[in-house]
1. Ranked from the most accessible area to the least, with a 1.4 Å probe and all protein chains present, what is the order of SER220, SER194?
2. Of the listed pairs LYS271/LYS371; LYS95/LYS379; LYS192/LYS371; LYS192/LYS377; LYS224/LYS379, which have alpha-carbon separations greater than 25 Å here?
3. Where both partners of a DSSP beta bridge lie in the chain, what percent of those bridges are antiparallel, to the nearest 5?
4. Using θ = phi - 60° and the Karplus relation 6.51 cos²θ - 1.76 cosθ + 1.60, list the HN-Hα couplings for segment 257-267 in order, rounded to whole Hz, with x at every Gly or Pro.
5. Around ASP45, with a cut-off of 13 angstrom between Cβ atoms, what is the net charge of the other residues, counting Lys and Arg +1 and Asp and Glu -1?
6. Keeping every protein chain present and rolling a 1.4 Å probe, give me the accessible area per residue for segment 297-356 in Å².
7. Under the Karplus relation 6.51 cos²θ - 1.76 cosθ + 1.60, θ = phi - 60°, what is the ordered set of whole-Hz ³J(HN,Hα) values for segment 78-89, x standing for Gly and Pro?
8. Given a 1.4 Å probe and heavy atoms of the protein chains only, how would you sort ILE147, ILE66, largest accessible area at the top?
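The values are calculated or read from the model by the stated rules, or taken from the named source; none is laboratory data. It should be emphasised that the depicted structure is a prediction, and the values quoted were computed from it without experimental measurement. Virtual Cβ from ideal backbone geometry, glycine too; neighbours counted across all protein chains shown. All accessible areas refer to the heavy atoms of the entire protein, side chains included, with ligands and DNA or RNA removed. Shrake-Rupley method; radii C 1.70, N 1.55, O 1.52, S 1.80 Å.
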Amino acid sequence: MNNLQNSKTRLSSIDILRGIVMLFMLVDHVRERFFLHVPVLDPMDIHTTSPELYFTRLSAHFCAPIFVFLTGLSAWLYENPANGAKRSAQSFLLKRGLFLILLEMTLVNFSWFGAYQILYLQVIWAIGVSMVVLALMVALPRSVIAILGVSIVAGHNLLSPIEFAPNEIGYTVWTILHDRGYLVADAVVNVKASYPVLPWIGVILCGYAVGSLFSGSVSSQARKTILLQSGAALLVGLLVLRGLNLYGETLDWSQQATALLTTMDFFNFTKYPPSLDFILLTLGVGAFVLAFLETNALRVLEPVRVLGSAPMFFYITHLYALLVLSILAQWLFGANQHYGSSQTAYFGFYHVWQIWLFAMFLSALLYPLCKWFAGYKRKTSARWVKYF
């Protein structure tokens, strides 16, 4: 009975953490729908980005690293279920990874760009590719997977000086792995790799490598202790590397005119591709949250757990909800903002707090749908449901 309860706690903590970062993602996607007239660069320009917008964007930085890490962790749990009947995750990872790539190229792109002339390969593509790579590696010893994951995460910043021109051999592969850019240009449909996948491959390998920490054989207190120690080690490493401008980020930080601007400069990390400092911050904080959830199964977070238990359903549903609501808002209230070099007119919010308020409204709207789907997924034997 204790092992069963331990398993339920583990899965709840993972779903809750996944649900938390999905809510941050929702806020960021509301920003991308209704606040495009205030552009946000990568890294952000701290002198032109307001603090409230800066920290709104910073909160979204936690989404992809934690989600990809938990994807790797969940793959290990799939291979090692609580009943002890070990199974291979290779086929599941391969099929689901290819399915996610297909989703990115169809439903996801259409929700953002309609009948698009540019095919953007973004976060779902990166997760899909990472799952395919993990599928090819799960047969390796876990120690080898751990070494590869840590080496990629820690070492990929050393590769930044490597560049290829579009006409050079290696450009396509390097654009997919490390440098965002166009894979196909000047065609009927152009293709842009917006999420370089190499660091995300490292993150998913690390997630898989630590999966045994969440096995039923590890006590809750021991797991909490290890999570706290790991989170502290990651954040201390960040403070040393970033504090001394040693390594892990393209742009150095410096003292600014105010303490707030200095703080913003310190945490102004590169996301495309994610720098080592970016990953240390996000996974370090994620480890602390998992440790807290290990012994604090808060009832108030049950709705968040429900969202985290149906991640892909939530992802697709919220994208189309945003599409429909943006069209409806412009029809009802008219275009009041302009964005881009073409000064495209659209309906947008005036203040950052409106982004958060609208995201809260939309999460409440989506919750019953996700709760229904999570229940349906548990009960049905339909094979297609497992891909969501």
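1. Values: SER220 35, SER194 5 Å².
In descending accessible area the options line up as SER220, SER194.
2. Values: LYS271/LYS371 32 Å; LYS95/LYS379 22 Å; LYS192/LYS371 35 Å; LYS192/LYS377 34 Å; LYS224/LYS379 32 Å.
Exceeds cut-off: LYS271/LYS371; LYS192/LYS371; LYS192/LYS377; LYS224/LYS379.
3. On the way: 7 of 11 bridges.
Close to 65 percent.
4. So the Karplus estimates, Gly and Pro as x, are 5, 10, 5, 5, 5, 5, 4, 4, 5, 4, 9 Hz.
5. Numbers: positive: ARG57; negative: ASP42, ASP265.
Residues near ASP45 contribute -1 overall.
6. Working: 3290 Å² over 60 residues.
For segment 297-356, the per-residue accessible area is 55 Å².
7. Ordered by residue, 3J(HN,Hα) equals 4, 5, 10, x, 4, 7, x, 7, 4, 9, 8, 9 Hz.
8. On the way: ILE147 110, ILE66 10 Å².
Of ILE147, ILE66, the descending order of accessible area is ILE147, ILE66.
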